[in-house]
1. Step through the residues of region 46-55 one at a time and calculate ³J(HN,Hα) from phi using the Karplus curve (6.51 cos²θ - 1.76 cosθ + 1.60, θ = phi - 60°), rounding each to whole Hz and writing x for Gly and Pro.
2. Can you tell me the length gained on complete extension of the stretch His58 to Asp37, counting 0.36 nm per residue apart and subtracting the Cα distance?
3. Tell me, what HN-Hα J-couplings in whole Hz come from the Karplus equation 6.51 cos²θ - 1.76 cosθ + 1.60 at θ = phi - 60° for each residue of region 70-83, using x for Gly and Pro?
4. Taking amide hydrogens as modeled 1.01 Å from N in the peptide plane, which residues meet the under 5 Å criterion relative to Ser42, leaving out close sequence neighbours?
5. What is the calculated FRET efficiency for Cys82 to Ser44, with r their C-beta to C-beta distance and R₀ = 35 Å, to the nearest 0.05?
6. Using heavy-atom solvent-accessible surface (probe 1.4 Å) with all chains present, what is the largest-first order of Asp78, Asp57?
Amino acid sequence: MDFRIGMMAIAMVVTSLTLAPTLMMNQSAEANHYCTDYKGKSNSWVEGCKAGWYDHDHCWGYSPGSGDYAKGYAVGWDKGSCR
């Protein structure tokens, strides 16, 4: 019985580690499309949006900078989520 539980735990860990990079790449692609789909925004705004989303997804601190970058960062931060 304990052997089965141990094997199940190992299988879950291996599956989680296998899927984690794929899920992270999907989030990055989603952020890229979301941020670049805003019409009339500067490159600085778009980069800030991507950075804010990335930082929040990776549970990093809020660090917006200034100007258009900061405005985009705030939008991206709102879309991200620390899990």
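1. Each residue's phi maps through the Karplus curve to give 4, 5, x, 4, 4, 5, x, 5, 4, 4 Hz.
2. Values: separation 21, 0.36 × 21 = 7.56 nm, distance 2.26 nm.
This chain segment gains 5.3 nm when fully extended.
3. 3J(HN,Hα) across region 70-83, in whole Hz: 5, 5, x, 4, 4, 5, x, 4, 5, 7, x, 8, 7, 10.
4. So Ser42 has HN proximity to no qualifying residue.
5. Values: r = 24 Å, r/R0 = 0.69.
According to the calculation, E is roughly 0.90.
6. Of Asp78, Asp57, the descending order of accessible area is Asp78, Asp57.
The values are calculated or read from the model by the stated rules, or taken from the named source; none is laboratory data. This structure is a prediction, so every number in the text was calculated from the model and none was measured. Positions of Cβ are generated from backbone atoms using ideal geometry, with glycine treated the same way; all protein chains shown enter the neighbour counts. Note: accessible area is taken over every heavy atom of the protein model, side chains too, but ligands, DNA and RNA are not part of it. Shrake-Rupley method; radii C 1.70, N 1.55, O 1.52, S 1.80 Å.
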